[in-house]
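The values are calculated or read from the model by the stated rules, or taken from the named source; none is laboratory data. The shown structure was predicted, so the numbers you read here are calculated from the model rather than taken from an experiment. For neighbour counting, all protein chains shown are included, and Cβ atoms are generated from backbone atoms with ideal geometry for every residue, glycine included. Calculation scope for accessible area: heavy atoms of the full protein, side chains included, ligands and nucleic acids excluded. Shrake-Rupley method; radii C 1.70, N 1.55, O 1.52, S 1.80 Å.
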Amino acid sequence: METLKVRDIKDVEEVVRAAVASEQPLEVIGHGSKRAIGHPMATNAVLDVSVLNAVSSYEPNELIITVQAGAPLADVQSLIDAKNQQFAFEPMDTSVLLGGAGAGTIGGMVGAGLAGPRRIKAGGARDHLLGAHAVSGFGDSFKTGGRVVKNVTGYDLCKLLTGSWGTLAVMTEVTLKVMPKPEAERTLVLRGLDDIAANKAMTAALGSPFDVSGAAHLSGSALRSGTGALAGLAASGQAVTLVRLEGISASAAHRAASLSQALSSYGTVDSLADDASVAAWGALRDVAPFAANGTLGAWPVWRIVCPPASGGALGQALARLTGGDVIYDWGGGLIWAAVPQSADAQAALVRGQVEAIGGHATLIRATEDVRRAVDVFQPQPAGLAALGERVRASFDPRSVLNRGRMMRGGAA
């Protein structure tokens, strides 16, 4: 496979224009950490933007960073961490689930749009993307958004790039909001709740006035690996429910004590503080219980978004019917489901259960044969699919960029 390493934006334009002229689709990559997500693409040419890795500007006092799309995410996080700042949406490190090393690039982070447990409070990746420079499927550079929080620049096209998986344009530079890291963090821990009771407890916590920034539940079987930051939170085979609070030290401690009292009807409430809490939520963000190097590393993994009130019942049904394990995030609005291996990753069963309650499911981890056989991304209703195709075609009419990644047998 031919790999084309570009040196600057002009190179990107030339490569895309040449691909259009020769009708040769391109696979766009940074570090390639997320190549195993989506349908296998029919191409023998790779556009590698990893050399576009400079930090264009960083203004800690303005809470804004502009960085080229190929910059390593880990390096950028280290840079802003030195100023006690962070990406508040907690970008996921997919290498834990998929295997390999490194968290990928800034462009991959935006293109995937996978946010962590704090999304319920801070929003997702698109909520923190202020602007972008990119090259369309015509081979033309364009700029969208700007470098301030309140932009009045016409259509907010940069939001479309988030979660587009590289099918609309080749991002070359992005501007993102950063936020101060909290001074203190407390996590309340309840043990032994079943999925329904845990869903009620998380709902109560999230509906309280105590400014909760994360709520998650893991069944006892999901903790079977017994290693990492989540090890030791509960006895073997015992479920654990976690609720996070952040802020200045006095406030976090006070709110944790008040919420502990409010949740006492669900059982004994323990707590984790600061580093231990940070480590536990990092493992939840990256879905470490289903890690590629763990006991469930060979199982397909689904990412399911559903109404939070239905999360407990849905998770129980999926675990019972598939024989798999589930993890609840965002109070049950996001479910990670690992299911035993099969020719179709039990797609019909999973999607049937999810669609019945108005949710949608994405197959995040599976073998290449399975990803060829089933729809990786949720099939959309005809009208919505037609609108999405019109948007894609307006950016890339020849379907040069990541052809077939998001739609089995289709252009997008």
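How about the stretch 45-119: which strands (runs of 3 or more DSSP E) wholly inside it have at least 3 residues that are under 30 Å from GLY331 (Cα atoms)?
Working: elements: 45-48, 55-59, 64-68.
Where strands (runs of 3 or more DSSP E) fall fully within the stretch 45-119, none carries at least 3 residues being under 30 Å from GLY331 (Cα atoms).
Residue under question is ASP369, and the condition is that it be more than 22 Å from the chain's Cα centre (by Cα), part of a helix (DSSP H, G or I), over 17 Å from GLY163 (Cα atoms) and not small (Gly, Ala, Ser); does it hold?
yes
Condition check ((1) within 30 Å of GLN341 (Cβ to Cβ); (2) polar (S, T, N, Q); (3) out of contact with any Lys or Arg (no Cβ under 9 Å at 6 or more places or on another chain)) across all residues:
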| site | (1), (2), (3) |
| --- | --- |
| ASP369 | yes, no, yes |
| ASP375 | yes, no, no |
| LEU384 | no, no, yes |
| GLY388 | no, no, yes |
| ARG392 | no, no, yes |
| SER399 | no, yes, no |
| GLY404 | yes, no, yes |
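Go through (1) open to solvent by 20 Å² or more (accessible area, probe 1.4 Å); (2) in a loop (DSSP other than H, G, I, E, B); (3) free of Cβ contacts under 8 Å to residues at least 40 places away in the same chain; (4) of a type outside the set (Val, Ile, Thr) one by one and return the number of the condition LYS10 breaks.
(2)
Picking from GLY100, GLY107, GLY70, which residue would you name as being within 27 Å of LEU296 (Cα to Cα) and either touching a residue at least 12 places away in the same chain (Cβ under 8 Å) or surrounded by 23 or more Cβ atoms within 10 Å (Cβ to Cβ) (or both)? First the steps, then the outcome.
Details: GLY107 fails: within 27 Å of LEU296 (Cα to Cα); GLY70 fails: within 27 Å of LEU296 (Cα to Cα).
Of GLY100, GLY107, GLY70, the one residue that is within 27 Å of LEU296 (Cα to Cα) and either touching a residue at least 12 places away in the same chain (Cβ under 8 Å) or surrounded by 23 or more Cβ atoms within 10 Å (Cβ to Cβ) (or both) is GLY100.
Yes or no: TRP299 of a type in the set (Phe, Trp, Tyr), at pLDDT 95 or above, under 30 Å from VAL370 (Cβ atoms) and surrounded by fewer than 24 Cβ atoms within 10 Å (Cβ to Cβ)?
Criteria met by TRP299.
Which count do you get for residues in the stretch 13-46 that are surrounded by fewer than 23 Cβ atoms within 10 Å (Cβ to Cβ) and among the basic types (Lys, Arg)?
So the answer is 2.
Only residues that are open to solvent by less than 20 Å² (accessible area, probe 1.4 Å) and closer than 13 Å to GLN346 by Cβ: list them for the stretch 367-377, please.
Selection gives VAL370, VAL374.
Restricted to the stretch 170-220, and to residues that are open to solvent by less than 50 Å² (accessible area, probe 1.4 Å) and of a type in the set (Ser, Thr, Tyr), which residue is nearest to ILE80 (Cα to Cα)?
Filtering the stretch 170-220 for residues that are open to solvent by less than 50 Å² (accessible area, probe 1.4 Å) and of a type in the set (Ser, Thr, Tyr), the one nearest to ILE80 (Cα to Cα) comes out as THR175.
Among the residues of the stretch 59-69, are any touching a Phe, Trp or Tyr at 6+ places or on another chain (Cβ under 6 Å) and farther than 29 Å from VAL20 by Cα? Let's see the steps before the verdict.
Within the stretch 59-69, the first condition is being touching a Phe, Trp or Tyr at 6+ places or on another chain (Cβ under 6 Å), and the residues that meet it are 65.
Pick out the ones that are also farther than 29 Å from VAL20 by Cα and you get 65.
Yes: the stretch 59-69 contains one or more residues that are touching a Phe, Trp or Tyr at 6+ places or on another chain (Cβ under 6 Å) and farther than 29 Å from VAL20 by Cα.
What's the total number of residues in the stretch 351-366 that are open to solvent by 30 Å² or more (accessible area, probe 1.4 Å) and part of a loop (DSSP other than H, G, I, E, B)?
To start, the set of residues in the stretch 351-366 that are open to solvent by 30 Å² or more (accessible area, probe 1.4 Å) comprises 352-353, 355-358, 360.
Within this subset, residues satisfying the condition of being part of a loop (DSSP other than H, G, I, E, B) are 356-358.
Count: 3.
Which ones in the stretch 120-152 are open to solvent by less than 30 Å² (accessible area, probe 1.4 Å) and at pLDDT below 90?
Matches in the stretch 120-152: THR144, GLY145, GLY146.
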